[in-house]
Structure formats: C-alpha cells, structure tokens
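Trainee: Here it is, the structure in full.
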Amino acid sequence: MKHINIKNIGGSLLGFMLLFGTVMMSGTTAQAQYWPDQDQNRRQRDYERAQRERQIQIERQRQIQIERERQEQIERQRQSQQQNGIWEIWNNRNQQDRNGVWDNRNQQGNRGRRGRQGDGYRNYGGSYELRQTALNAGYNEGARAGRNDRRSGRYDPQRSSAYRNASKDYNSRYGDRYLYQQYFRDAFENGYSDGFYGY
C-alpha cells in the first residue's frame, strides 16, 4: 500500500487555497470597479427625473398663466361690451332727443302726457303739495345720484339709499308717507337717467 504523503496533500491544499483566494480577490476588485459606475448612473437617473419634474411644473405654471390671461381677457371684453352698451343707450337717447321722439319737454300744451299736471308722472292721489314736493325732491336726488354714477359707468338707480328711503323733504303734514315715496321714486328714476346721461 502506498503511503499518502502529507507534504503533497498540504502543498496541494495550500495551492488550492491560493487559487481560491486569487479568484475571490479578483471578483471583489471587479465589483469595486462596478460600484462607482452604478452610483454615477443612479445620480444621472435622479438628475433626469428632477429635470422632468421641473419641466412638468413649468408646463403647469404656463397653463395656469394662460388660463388667467384668458379669464382677464374675457372680463375686459365683458366690461367693454357693458361700457359700449351704456354709451350705445346714451347715443340712442341723444339721437331720439334730437329727433323729438324721446323728450317732449319743449312741446307746447303737453299733449299726450300722463298725470294730472301733464308732467309725465302717474297720479297716485294725495295733495298737490305732497305730490310736487316728492317729485321735486325725487328728481333732484336722482339727478345727483345719476351724475355720481356716471363717473363709474354703472347704471343702477335702485342702489342709491335716497331711492330706497324715498323720504327726503317729507313732512307728515303733507299726508301719506307711502304716496310720497311712490312719487319720489318715479321722479328719482327720471332724474337719475337725466343725471347719468348728462341732460
């Protein structure tokens, strides 16, 4: 029987260990060289993702700005149309006045006029003094409010507190307050139109 030589086994084992160690070290070296590239790739992907998100945010902001500008343009057009409508009414009224259709104030005899005085106002009853005081006060307050609203371009006689209260120059000795307010408001609307359109 042959003897197994321990020196040969030890040498073989040592050689195998050296070979195994060399293979392991070369694998680790290869991995160590790969990791920095992997880190760089991850940073590149993060950068590209951040760029895409930034572009999306810029596009959202642009869309919001476009929508805001569109809304502002619509509002400007609405205001322009409203203003043009007011001036169109004013121009039509001027033309009608020049043609003698709208305002008969200069005609003799007050033919075709409503009211007991031929002044164009309805007759709700009450005393002459109540009616005339309410008509005068209402017309004057309306003309003042119309001139003030002409500056803003907003035609709305019922917005005025004088119109709502309808009690300027009222005195209980005239009679019924409700009748006074009806005359006042009729005259207020007429005076407001004249004041607003510059008559």
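The values are calculated or read from the model by the stated rules, or taken from the named source; none is laboratory data. On a predicted model such as this, the values are computed, not experimentally measured, just so you know. Don't worry about glycine lacking a Cβ; one is built from the backbone with ideal geometry, like all the others, and counts go over all protein chains shown.
Trainee: Residues of segment 117-167 being outside any helix (DSSP H, G or I) and small (Gly, Ala, Ser), which ones?
Mentor: Answer for segment 117-167, where residues must be outside any helix (DSSP H, G or I) and small (Gly, Ala, Ser): 118, 120, 125, 126, 127, 153, 160, 166, 167.
Trainee: Also, quick follow-up: Restricting to segment 173-194, count the residues that are surrounded by fewer than 24 Cβ atoms within 10 Å (Cβ to Cβ), in a helix (DSSP H, G or I) and not hydrophobic (A, V, I, L, M, F, W, C).
Mentor: Selection size over segment 173-194: 12.
Matching residues to (1) within 30 Å of residue 197 (Cβ to Cβ); (2) surrounded by 10 or more Cβ atoms within 10 Å (Cβ to Cβ); (3) at pLDDT 85 or above:
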position: 6; (1), (2), (3): no, no, no
position: 55; (1), (2), (3): no, yes, yes
position: 59; (1), (2), (3): no, yes, yes
position: 64; (1), (2), (3): no, yes, yes
position: 70; (1), (2), (3): no, yes, yes
position: 84; (1), (2), (3): yes, yes, no
position: 88; (1), (2), (3): yes, yes, no
position: 101; (1), (2), (3): yes, yes, no
position: 107; (1), (2), (3): yes, yes, no
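Trainee: Suppose we keep only residues that are surrounded by fewer than 16 Cβ atoms within 10 Å (Cβ to Cβ) and more than 21 Å from the chain's Cα centre (by Cα) within segment 148-161. Which one would you say is farthest from residue 183 (Cα to Cα)?
Mentor: The selected residue is 151.
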